[in-house]
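Notes follow once the structure below has been shown.
Computed from the coordinates by the stated procedures, all read-outs in this text should not be read as laboratory data. Worth saying up front: this structure is predicted, and the values here are computed from it rather than measured. Cβ atoms come from the backbone with ideal geometry, glycine included; neighbour counts cover every protein chain shown.
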């Protein structure tokens, strides 16, 4: 077991989790304020329903990230990271097609941020291959087995 890789993986999962929790709560609790960010609203008409749905979906993704961060098995980390990547890749492609709604500086900043949102979980997913073999292998040596749970 490589504790350095485990620490990086857990740190990355924690970062993704924190960003999704903040964004999800912001969009769900303050949808108009979230939409007012130029990268979000992109100078289009406000749609409260869309913002509330986005916030709820971000919080749903947070649940998977919380599980991977707390339980920290290789398989669960992979599921969480692939789930995040499905969203992140689609998100960057969608916004790449809508850059005409932004200034050049806003577009560059947005594409850098969204590309990082793809690169971070992709690198973390590669790191999971360095954690040894075995389905459900625990990443933290100090975790106790809980009755009724399979690892």
Calculated from DSSP H runs of 4 or more alone, at -39500 (n - 2.57) each and per residue, what is the 222 nm mean residue ellipticity of the chain, nearest 500? -24000 deg cm²/dmol
Mind sorting out which of [x] 59; [y] 54; [z] 46 is the real percent of Cα pairs over 20 Å apart computed from the coordinates? [y]
How high is the relative contact order of the chain, in percent, with contacts defined as C-alpha pairs under 8 Å that are six or more residues apart? 32 percent
Taking the Cβ-Cβ separation of residue 123 and residue 103 as r and a Förster radius of 25 Å, what is the calculated FRET efficiency to the nearest 0.05? 0.25
Where does helix 104-127 land angle-wise versus the long Cα axis of the chain, in degrees 0 to 90, nearest 10? 10 degrees
Could I have the simple spin-label model distance between residue 79 and residue 112, label points 7 Å from Cα toward Cβ, reported in nm to one decimal? 3.6 nm
Label point distance in nm, residue 47-residue 15, each placed 7 Å from Cα along Cα→Cβ: 3.1 nm
With each label point set 7 Å from Cα along the Cα-Cβ vector, what nm distance links residue 36 and residue 96? 3.2 nm
